[in-house]
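None of the figures in this text is laboratory data; all of them are computed from the coordinates on show. Only a predicted model underlies this, so the values are computations on that prediction, with no experimental measurement involved.
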Amino acid sequence: MARRQLGYREHPTASTQWIEAEIGYWDRQSQKSHGRESAAIVAWAEAKGLAGAVWTNLPCGLGSRAQRGIMPTGEAVVAHLRGLIGKERDDAEEYVRNAPAQIDTPFRKLIAEQLGWG
């Protein structure tokens, strides 16, 4: 259920195959996991005493597929968001504002400081 919910948050028209490929997970009971950085996320989740975890399993990057796999700087993320207009900007702001409060990353802090999307 959590994988589907995150999948639809990331991609509202996601197929089952897309969710299976692009949403990482770990389940304590079965000890099954899938996704980029799963070893690090499993270690973190176990240290927190969690029963499981889900995460977006997409490659980092902004914009086109050619830029995927290249970690952007915080400044590049803010510049990208500033450059959005209309519905695309509105959707990005809604996405950031609706992210759970636990997602407290340096990018999120910079976006809140620079754009006021807290």
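In whole angstrom, segment 60-118 maps to an equivalent ellipsoid with semi-axes of 18, 15, 11, each derived as √(5λ) from the alpha carbon gyration tensor and ordered largest first. Between helix 106-115 and the chain there is an angle of about 30 degrees, using the helix long axis and the longest principal axis of the Cα atoms. Stokes-Einstein at 20 °C, 1.002 mPa s, Kirkwood radius from Cα pairs: D for the chain in µm² s⁻¹? Taking Rh from Cα pairs, D becomes 136 µm²/s.
Listed by chain and number, the lysines whose C-alpha is less than 27 Å from the C-alpha of Lys109, apart from same-chain residues fewer than 8 away, are Lys48, Lys87. Springs between Cα atoms under 10 Å define the GNM used for the chain, and in it the highest mean-square fluctuation of Ser38, Ser15, Ser30 occurs at Ser30.
Shown here: segment 1-58, whose C-alpha atoms stretch 34, 19, 17 Å along the first, second and third principal axes, sorted largest to smallest.
Can you tell me the 0 to 90 degree angle between the C-alpha axis of helix 74-83 and the longest principal axis of the chain, rounded to 10? In the chain, helix 74-83 runs at an angle near 60 degrees to the longest axis. Given their separation in residues at 0.36 nm each and the Cα-Cα distance between them, Thr13 and Tyr95 gain 28.0 nm when the chain is fully extended.
To the nearest ten degrees, helix 38-47 and the longest principal axis of the Cα atoms of the chain are 70 degrees apart.
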